[in-house]
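Peer 1: Input: one structure, supplied below.
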Amino acid sequence: MRQWWQSRGVDSEPQITDDVSAFKLAFRRLAAGVSVITALHPDGRPAGFTATSLASLAADPPMATFNMARRATAWPAIEQTEHVLVHLLGVRNRAAAETLSLDAEQRFAGDHWAPGPLGLPLLNDVPAWMLCRIVGRYPIEQSATIVVRIEEGALGAPDVPLLYHERSYWKPGDRV
């Protein structure tokens with residue numbers, strides 16, 4: 001007799017895991033666009049992080065959301081600021097994505113950024129960036145959903161989108 005998983009084209013019995021493991025394993029298989037969110041701490045130090053949770057929310061007014069852990073080193077800046085810069089990354093920005101994933105003290109070492117609108121850290125040579133005003137912070141368990149309204153932005157040179165999938169960076173069709 002065929003098992004339920006065999007009738008769905010699976011050759012071997014699937015691994016059944018706990019909720020946290022199932023979540024991590026499943027979402028590693030979901031390719032996501034890579035963005036970077038930057039802000040300033042109240043004392044003026046730059047803050048930022050690499051994100052795969054950016055999503056459009058509405059076109060009129062232009063709004064987006066992103067999620068983050070409230071234990072993240074950038075959380076105090078996001079929690080206390082009014083504005084952030086959202087950067088959409090292309091394949092040429094892989095090094096910036098990796099740098100903004102490092103230890104917080106190393107994220108802004110180097111010349112991959114400069115002060116941008118409102119003095120916020122603006123990454124160099126990104127395909128697009130948006131200045132956003134935070135209109136909502138919604139704590140959920142140990143994380144938060146942040147809602148932003150886009151106030152201005154700019155397009156850089158076009159590039160193929162940078163994707164994150166199975167714990168690696170990719171371009172559509174190929175691993176980079």
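Just so it is clear, none of the values below were taken in a lab; they were calculated from the coordinates. Since we're looking at a predicted model, the values are computed, not measured. Cβ sites come from the backbone with ideal geometry, for glycine too, and all protein chains shown count toward neighbours.
Peer 1: Considering the options Pro117, Gly156, Phe27, tell which one lies farthest towards the positive end of the dipole of the chain, charges being +1 on Lys and Arg and -1 on Asp and Glu at the Cβ, about the Cα centre.
Peer 2: Phe27
Peer 1: If Rh is defined by the Kirkwood formula over all Cα pairs and Rg also comes from Cα, what ratio Rg/Rh do you get for segment 82-176?
Peer 2: Rg/Rh for segment 82-176 comes to 0.98.
Peer 1: Considering only C-alpha atoms, what is the centroid distance from segment 133-164 to segment 36-61, in Å?
Peer 2: Distance between centres, Cα-based: 5 Å.
Peer 1: Write down the Kirkwood hydrodynamic radius of the chain, to one decimal in angstroms, obtained as one divided by the mean of 1/r over all alpha carbon pairs.
Peer 2: Hydrodynamic radius (Kirkwood, Cα pairs) of the chain is 17.5 Å.
Peer 1: Quick one: if you stick a label point 7 Å off each Cα along the C-beta vector at Ala69 and Lys24, how many nm between them?
Peer 2: In this crude label model, Ala69 to Lys24 measures out at 1.0 nm.
Peer 1: Something else: Rounded to the nearest 500, what is the chain's calculated 222 nm mean residue ellipticity when only DSSP H runs of at least 4 contribute -39500 (n - 2.57) each, over all residues?
Peer 2: -3000 deg cm²/dmol
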